[in-house]
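The values are calculated or read from the model by the stated rules, or taken from the named source; none is laboratory data. Worth saying up front: this structure is predicted, and the values here are computed from it rather than measured. Because the Cβ atoms are built from the backbone with ideal geometry, glycine has one as well, and the counts that use them run over all protein chains shown.
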Amino acid sequence: MAAAKPEPPVAFINVPYSKRYERVYLAFIAGVSAYGLVPSAAVRDPSSRFQLERIHELIAAAHYSFHDLSFMSLDAKAPRTPRLNMAFELGLAVAVSRCAGSRHQWFVFDTVPHRLDKALSDLGGIRPRIHDRSPESVLRALMNVLGRLTDRPTFGDLLNVYREVEKGARRIKREYSLDLFDTKPFAELIFIAHETAERYVPQLAG
């Protein structure tokens, strides 16, 4: 009897749930799927579970986590306040990675070089991967952190998977949800990314 195929590693995607980050979100889903990883994210949960507990469980269950810390603007409502969720959740990932026996790896992304040296000096020595919020730049950043994995798609493969995921996102918006950061759209986007990745990256189909 053939040995069961091992479960693919899980990748936790931590990006701002903002309309201007939709393409970043889609690029992460497409990119990690093309590397044979299964995306997870703290999209809206229909249960009443405590959000912090749920996010900790998702990070702890993941082999990798990708944290985009570029959304640093102040909101307009007084008192004007920065959003700290992304940095806090990165802290959870760092703590998980330091637990005994953990193999969790975390990666940081930003849109402005050297900004995190000022904003989060405890990350001194950590090089964030820089992108400009375009899908192409996000995919290049992912290639730089995931290039040592066994299944190595080309940049063209990544773009092909992204295009199919983006096409699926447009259909989802037409048919049933303008909010891609919700449970059903996320599940459908993962399915599209997985199916497309197996078509374009031959190593994944075996």
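Return the total of residues in region 65-103 being in contact with a strand residue (DSSP E or B) (Cβ under 7 Å, 6 or more places away or on another chain), without any contact (Cβ under 8 Å) to a residue 60 or more places away in the chain and surrounded by 11 or more Cβ atoms within 10 Å (Cβ to Cβ). Let's see the steps before the verdict.
Restricting attention to region 65-103, the residues satisfying the condition of being in contact with a strand residue (DSSP E or B) (Cβ under 7 Å, 6 or more places away or on another chain) are 65-70, 72, 74, 80-82, 86, 89-90, 93-94, 97.
Applying the additional criterion that residues be without any contact (Cβ under 8 Å) to a residue 60 or more places away in the chain yields 65, 67-69, 72, 74, 80-82, 94, 97.
When the remaining residues are screened for being surrounded by 11 or more Cβ atoms within 10 Å (Cβ to Cβ), the result is 65, 67-69, 72, 82, 94, 97.
Of the residues in region 65-103, 8 are in contact with a strand residue (DSSP E or B) (Cβ under 7 Å, 6 or more places away or on another chain), without any contact (Cβ under 8 Å) to a residue 60 or more places away in the chain and surrounded by 11 or more Cβ atoms within 10 Å (Cβ to Cβ).
Considering only region 143-152, I want to know if a residue exists there that is part of a helix (DSSP H, G or I) and farther than 21 Å from His63 by Cβ.
no
Just checking, which of Phe107, Phe186 is within 22 Å of Ile59 (Cβ to Cβ), at pLDDT 95 or above and assigned to a strand (DSSP E or B)?
Details: Phe186 fails: assigned to a strand (DSSP E or B).
Being within 22 Å of Ile59 (Cβ to Cβ), at pLDDT 95 or above and assigned to a strand (DSSP E or B) holds for just one of Phe107, Phe186, which is Phe107.
Which one of Lys184, Lys173 is on the phi < 0 side of the Ramachandran plot and under 19 Å from the mean Cα position of the chain (by Cα)? First the steps, then the outcome.
Numbers: Lys173 fails: under 19 Å from the mean Cα position of the chain (by Cα).
Sole residue among the options that is on the phi < 0 side of the Ramachandran plot and under 19 Å from the mean Cα position of the chain (by Cα): Lys184.
Would you mind telling me which numbered condition in (1) modelled with pLDDT of 85 or more; (2) closer than 29 Å to Thr196 by Cα; (3) in a loop (DSSP other than H, G, I, E, B); (4) of a type in the set (Val, Ile, Thr) Val112 fails?
(2)
Just for region 65-79: of the residues that are within 25 Å of Val138 (Cα to Cα) and among the small types (Gly, Ala, Ser), which one is nearest to the chain's Cα centre (by Cα)?
Ser65
Being part of a helix (DSSP H, G or I) and of a type in the set (Gly, Ala, Ser) is the filter here; which residues of region 153-177 pass it?
Quick first cut of region 153-177, residues part of a helix (DSSP H, G or I) only: 155-175.
Answer for region 153-177, where residues must be part of a helix (DSSP H, G or I) and of a type in the set (Gly, Ala, Ser): Gly156, Gly168, Ala169.
If a residue has to be touching a residue at least 60 places away in the same chain (Cβ under 8 Å), part of a loop (DSSP other than H, G, I, E, B) and over 11 Å from the mean Cα position of the chain (by Cα) to count, how many in region 23-64 make the cut?
Residues meeting the conditions: 6.
So which of Arg140, Arg129, Arg163 ends up being of a type in the set (Lys, Arg), closer than 17 Å to Thr196 by Cβ, within 18 Å of the chain's Cα centre (by Cα) and surrounded by 12 or more Cβ atoms within 10 Å (Cβ to Cβ)? I'd like the intermediate steps shown before the answer.
Details: Arg140 fails: closer than 17 Å to Thr196 by Cβ; Arg129 fails: closer than 17 Å to Thr196 by Cβ.
Being of a type in the set (Lys, Arg), closer than 17 Å to Thr196 by Cβ, within 18 Å of the chain's Cα centre (by Cα) and surrounded by 12 or more Cβ atoms within 10 Å (Cβ to Cβ) holds for just one of Arg140, Arg129, Arg163, which is Arg163.
Of all residues in region 26-64 being over 21 Å from Asp179 (Cα atoms) and among the aromatic types (Phe, Trp, Tyr), which is surrounded by the fewest Cβ atoms within 10 Å (Cβ to Cβ)?
Phe50
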